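Enquirer: To start, I am sharing the structure in question, which I have written as structure tokens.
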């Protein structure tokens, strides 16, 4: 659950900076464009998927975890 929260928080932080940077953020030499892609790619990993929270909740409630796929 902490990993999902960390991933979502990191993406939210980068999104905030991305929005404040304006059009300058889209250029590769600014560095922010790469961070934006990296953090959003990481959120697509199964360990950071919001579906993982559902599975953790099921386990905490004593239910069988469902498959992620």
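Enquirer: Can you say whether residue 2 is loosely packed, with under 12 Cβ neighbours inside 10 Å and either under 12 Å from the mean Cα position of the chain (by Cα) or at pLDDT 85 or above (or both), as far as the supplied structure shows? Talk me through it step by step, then tell me what you get.
Expert: Details: loosely packed, with under 12 Cβ neighbours inside 10 Å: yes; either under 12 Å from the mean Cα position of the chain (by Cα) or at pLDDT 85 or above (or both): yes.
Taking the combined requirement at face value, the residue satisfies it.
Enquirer: Please list, ordered by first then second residue, the pairs with beta carbon atoms under 8 Å, 6 or more apart or interchain, first in region 43-64 and farther than 17 Å from residue 5 by Cα, second surrounded by 10 or more Cβ atoms within 10 Å (Cβ to Cβ) and modelled with pLDDT of 85 or more.
Expert: 64/58
The values are calculated or read from the model by the stated rules, or taken from the named source; none is laboratory data. Since we're looking at a predicted model, the values are computed, not measured. Please note: Cβ atoms are built from the backbone with ideal geometry, for glycine as well, and neighbour counts cover all protein chains shown.
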